[in-house]
Amino acid sequence: MKKQNTTSKEKNGKAQSREWFEALVIAALVATILRMFVIESYRIPTGSMEKTLLAGDFLFVNKFVYGAKVPFTDISLPKVHDVRRGDIIVFKFPRDRSLNYIKRCIALPGDNLEIRNQQVYINGKGMQLPPHAQFIGIKMPAGVPEFQIFPSMSDYNKDNYGPLRIPRSGDEITLTPGTLPLYRDLIAYEGHTVSLVGDQVFIDGQAANRYTVARNYYFAMGDNRDNSLDSRYWGFLPESDIVGQAMMVYWSWDPDLPLLFDPVEKIASIRWNRIGLAVH
């Protein structure tokens, strides 16, 4: 009788262990699916969005609103709505797609953008500055080119930029030695090789004077306008690189304090007033 009880307990124990294991596997699977297609966490690493977002803020990012991407494919799930001007978006940095960046969408595909004396104009209309946006540097006069500005060889700077059209799927663009710096990365992103031989542009080894844009692109800027590596410096943002829309701050503390070596100060740096803050 004692031996039967022992065997029964062992069976019950194995059954419970199996149930716990199955529950953990299911929980891990659900968490993976949620992270992949619904909501993902993101940490603000720099001050490019201050004072709207602070370095050390932790956000939830809504991935399904724009149509989450199926990993390792070009397939996107149905979206709730398109990206809108003013949305704060997380995206893959076009110059290093292993990195995620966060900026505000300023211009949509087909928009004409210009910045004059720090004022943004979209399709000729002056755009209101975001509520917490700021300028911390010296204003640059028009016609004074800024190093590393996009496109290269232009006379644009951070405060006086454009005008230029944000490419839209179906746009037919003219290719010349003068326009190639504006479109070279776009053409390469769409899967082509592009080169300039003398005054002639070549795409995939064939001479080309025109090119039809295959995808939609956006223009993104940080709210901290003088401390932001954004579209003014690296160009157009492909729609397929957009990860999602920033939703809410769920945690915030000073990122410069080490938790391991100074836990008391780290905990004291928690910004309680920012927890639960909606991002807009």
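For the chain, dividing the convex hull volume of the Cα atoms by the residue count gives 210 Å³ per residue. Size descriptors for the stretch 134-256: radius of gyration and Dmax over Cα atoms are 17.3, 55 Å. Anisotropy class assigned to the stretch 197-259 is prolate, per the alpha carbon gyration tensor with a/c at or over the 1.5 cut-off and a/b larger than b/c. Look at the alpha carbon pairs under 8 Å that are at least 6 residues apart: their mean separation over the length of the chain gives a relative contact order of 21 percent. Surface exposure of the stretch 181-270, expressed per residue as accessible area with a 1.4 Å probe, stands at 46 Å².
The stretch between residue 169 and residue 214 holds 15.7 nm of extra length on full extension. This uses 0.36 nm per residue minus the Cα-Cα distance.
For residue 278 and residue 199, the difference between the fully extended length at 0.36 nm per residue and the C-alpha to C-alpha distance is 23.3 nm. Taking only Cα atoms, what is the 0 to 90° angle, nearest 10, from helix 180-189's long axis to the longest principal axis of the chain? Tilt of helix 180-189: around 30 degrees.
Only protein atoms count toward the accessible area here, which uses a 1.4 Å probe; on the chain, the carbon and sulfur part of that area reaches 58 percent. Solvent-free Debye calculation, one equal scatterer per alpha-carbon of the stretch 63-127: log10 I(q)/I(0) at 0.24 Å⁻¹ equals -1.14. For residue 197, the accessible area of its heavy atoms, probed at 1.4 Å with every protein chain present, is near 90 square angstrom. Rounded to 0.05, the FRET efficiency of the residue 265 and residue 226 pair, given R0 = 45 Å and the Cβ-Cβ distance, is 0.95. Listed by chain and number, the aspartates and glutamates placed with their C-alpha closer than 13 angstrom to that of residue 158 are 114, 146, 223, 226, 230; residues fewer than eight positions away on the same chain are left out. For the stretch 24-137, the calculated P(r), taken from all Cα-Cα distances in 10 Å bins from zero up to the bin holding the longest distance, is 11, 35, 35, 15, 3, 1 percent. Per residue, the Cα convex hull of the stretch 70-192 amounts to 158 Å³. Taking the longest Cα principal axis of the chain as reference, the axis of helix 2-37 is set at about 10 degrees. Taking label positions 7 Å along the Cα-Cβ direction at both residue 70 and residue 256, the computed distance is 4.7 nm, reported to one decimal.
Potential lengthening of the chain between residue 41 and residue 17 amounts to 5.5 nm, from the contour at 0.36 nm per residue minus the alpha-carbon distance.
The values are calculated or read from the model by the stated rules, or taken from the named source; none is laboratory data. Just so we're clear, the structure is a prediction, and the values are computed from it rather than from any experiment. So basically every Cβ, Gly included, is an ideal-geometry build from the backbone, and we count neighbours across all protein chains shown. Heads up: the accessible areas ignore ligands, DNA and RNA and are worked out on the full protein's heavy atoms, side chains in. Shrake-Rupley method; radii C 1.70, N 1.55, O 1.52, S 1.80 Å.
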